[in-house]
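> Mind having a look at this structure? Questions to follow.
Laboratory data are not the source of any read-out in this text; all were calculated from the coordinates shown. Here the structure is a predicted model, which is why all the values come from computation and not from measurement. For neighbour counting, all protein chains shown are included, and Cβ atoms are generated from backbone atoms with ideal geometry for every residue, glycine included.
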Amino acid sequence: MNLDIKPPRHCPYLGDRQGAGGVRSYPSSRNVCHGRPSLGWGFFRAIMRPFTPVPAGWQRKFCIFAHAKCPHFQENQAASAPGLMQRNGEGLSPRPGEGKERKA
């Protein structure tokens, strides 16, 4: 009997507040998304945090089992790869200004 059970492949942006090292492989209030910064409050002033808290339902739906379908993951992948297609209201199209020939 083969009991080689591989743990689920979670999103590479999932981690704890210090980084990706402390990720839980189950929905947890300690898991956060490092793919989306967020606005937080500290000492009576707004600060940008390098992460966003992720609700347990979202973690179950995307982060832990299906991160390739996550809109935040897809947005980061598109932004990090120049020339990729972007989504517009009617489907996918080249990014503005790409794929057009310049007239001399």
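> Label-point separation (nm) for LYS69 and ARG9, each offset 7 Å from Cα along Cα-to-Cβ?
About 1.6 nm, to one decimal.
> State, as an integer percentage, the relative contact order of region 8-72 based on alpha-carbon contacts under 8 Å between residues 6 or more apart.
Values: 111 pairs, mean separation 22.2, N = 65.
Normalised by residue count, the contact order of region 8-72 is 34 percent.
> Work through the residues other than VAL23 whose Cβ is under 12 Å from its Cβ and net out their charges, Lys, Arg +1 and Asp, Glu -1.
Its environment carries a net charge of +3.
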